[in-house]
Amino acid sequence: MYVGTTKAASLLMISTRRLRQLLKEGRVIGAYKSGNFWFIPLYEGLPSIKQGTRGPVSSWKKRKRLSLTRIHINRQNINLNRNKSKEERQPVISVKRGTENIYGFEVEIPSPCRVVYRPDKPLACGACVWIETLCSEIHFIGSSFTSLKKYD
């Protein structure tokens, strides 16, 4: 994911002027300029800056790492729900964040996300298609959901 100078400066908690100085010195790893705009890649949610050779040690605050949220549809539950009444149906949408699984029938994702299809490298649960987002606020629509925690 690439961001511009304003967003990158706010993530690093420095001014845009200081960030432009770092870009000019070539200290922002992977950044490139196209026309009048800088494209700065994010590594674990932050732009990566090379260590300087002089001056005091940087005191940039590291933000809490965003955990990847995966949403996938349980095909087995869809098949089991075919001949059941509305009250007996099992939830088919699984939201996985860390070790927590939350199941529901309908979700809303209020941020950018992507759909991933990896038949050669499925998830541990066997899913080959899922939705990934860095959003921590996944909204379940309706009131019926269950939460199951797995402890490894």
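Each reported figure results from applying straightforward, stated rules to the coordinates on display, with no laboratory input. The shown structure was predicted, so the numbers you read here are calculated from the model rather than taken from an experiment. In this analysis, Cβ positions are derived from the backbone assuming ideal geometry, glycine residues included, and neighbour counts consider all displayed protein chains.
Could you give the size of the charge dipole of the chain about its Cα centre, using +1 on the Cβ of each K and R and -1 on the Cβ of each D and E, expressed in debye and rounded to the nearest 20?
About 760 debye.
What is the diffusion coefficient of the range 2-41 in µm²/s, taking the Kirkwood radius over Cα pairs and the Stokes-Einstein relation at 10 °C with a viscosity of 1.306 mPa s?
Reported coefficient: 161 µm²/s.
If you wrap a convex hull around the C-alpha atoms of the range 69-149 and split its volume per residue, what is the figure in Å³?
Dividing the Cα hull volume of the range 69-149 by its residues yields 98 Å³.
So how do Ile73, Ile93 line up by other beta-carbon neighbours within 10 Å, fewest first?
Final ranking by Cβ density, sparse to dense: Ile73, Ile93.
Could you size up the charge dipole of the range 2-41 around its Cα centre, putting +1 on the beta carbon of Lys and Arg and -1 on that of Asp and Glu, and report it in debye to the nearest 20?
It comes to approximately 120 debye.
Among 96-106, 47-57, what's the highest-first ranking by average C-beta atoms within 10 angstrom per residue?
For the peptides 96-106, 47-57, the packing ranking is 96-106, 47-57.
Given the options Pro41, Tyr2, Thr16, identify the residue whose Cα lies farthest towards the positive end of the charge dipole of the range 2-41 (+1 on Cβ of Lys, Arg; -1 on Cβ of Asp, Glu).
The residue sitting farthest along the positive end of the dipole is Thr16.
Students often forget the sequence filter, so: which aspartates and glutamates lie under 16 Å Cα-Cα from Lys7 once same-chain residues fewer than 8 apart are removed?
Leaving aside aspartates and glutamates fewer than 8 places away in the same chain, those within reach of Lys7 are Glu44.
What number, in percent, do you get for the relative contact order of the chain if the mean sequence gap of Cα pairs under 8 Å and at least 6 apart is divided by its residue count?
For the chain, the relative contact order is 19 percent.
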